[in-house]
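Since the structure comes first, as structure tokens, the remarks are kept for the end.
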Amino acid sequence: MTLSEDGFEFGGINHLALVCSDMERTVEFYTNVLGMPLVKTIELPAGMGQHFFFDCGGGDCLAFFWFPDAPDGVPGVSAPAARPDQGSLTSAIGSMNHVAFAVPPEKIDAYRDRLLAAGIDCTEVANHDDSEWGITDKFHPGVFVRSVYFQDPDGILLEFACWTKALTGDDVVHAPKRVADRTMV
């Protein structure tokens, strides 16, 4: 558990709840492709839908709602329009941009190969650093995380990510932007 300055004690993410268009297809992808055990299912009252929970490790769950009357997602608004190697990562305020699953650093290349073998289109392994573009082709001591991006059957952007070095106070160097800094469209 981590105690925040305000006294809240955090132990990670209990669950992140997303919305899917087809629960059967979602169960197939998350259990059979990614290997996440389905640990709890709920049928909502009065035909309002379903809520299923998948164990994504570390005591955390990824949950999906299925609503019979849910509107379709709008790429570029409710989520990014594409993977970062194919288009803009921008999504609307209040949207869920992507989910990054922690994976062992020594397995990231093999996990990418497993995604490809399962027919899942994905990025090359990205080396995130503090360079101008925030990414480099080569692994070097300044790389702080390595990752692979891919999408689930509903186009939800997912990432396998692994820290490659311990972060320190020296990694917090940017002032937070404000509403006034936004470029309104």
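Read-outs: derived from the displayed coordinates by stated rules, not from any lab. Owing to the predicted nature of the structure, the values given are computational and were not obtained by experimental measurement. Cβ coordinates were reconstructed from backbone atoms using ideal geometry, including for glycine residues, and neighbour counts include every protein chain displayed.
Remarks
- Proximal charge balance of residue 18 [Cβ under 11 Å; K/R count +1, D/E count -1]: -2
- Given the chain, longest segment not containing exposed loop GluC sites (Glu not before Pro) (DSSP; at most 12 other Cβ within 10 Å): 6-123
- Shape of the range 64-103, Cα gyration tensor, a/c cut at 1.5: oblate
- Dividing the summed helix terms, -39500 (n - 2.57) for each DSSP H run of n ≥ 4, by the number of residues in the chain produces a 222 nm estimate of -2000 deg cm²/dmol to the nearest 500.
- Difference of contour (0.36 nm per residue) and Cα-Cα distance, residue 130 to residue 178: 15.1 nm
- Difference of contour (0.36 nm per residue) and Cα-Cα distance, residue 82 to residue 140: 18.1 nm
- Counted over the chain, the DSSP beta bridges are approximately 70% antiparallel.
- Charged-residue dipole, Cβ positions (Lys, Arg, Asp, Glu), the chain about Cα centre, Debye nearest 20: 100 debye
- Radius of gyration over Kirkwood radius for the chain, both on Cα atoms: the Rg/Rh ratio is 0.97.
- Summed side-chain charge close to residue 142 - residues other than residue 142 whose Cβ falls under 15 Å, Lys, Arg +1, Asp, Glu -1: -3
- Extension gain, residue 50 back to residue 25 (0.36 nm per residue minus Cα-Cα distance, nm): 7.6 nm
- Classified by the C-alpha gyration tensor, the range 80-173 has an oblate form. Its axis ratio a/c, with a ≥ b ≥ c, is 1.5 or above, and a/b does not exceed b/c.
- Calculated FRET efficiency for the pair residue 15/residue 93, C-beta based, R₀ 22 Å, to 0.05: 0.50
- A viscosity of 1.002 mPa s and a temperature of 20 °C, combined with the Kirkwood radius over Cα pairs in Stokes-Einstein, give a translational diffusion coefficient for the range 1-70 of 161 µm²/s.
- Taking a Cβ cut-off of under 14 Å around residue 28, the surrounding Lys, Arg, Asp and Glu residues balance to a net charge of -3, with basic ones at +1 and acidic ones at -1.
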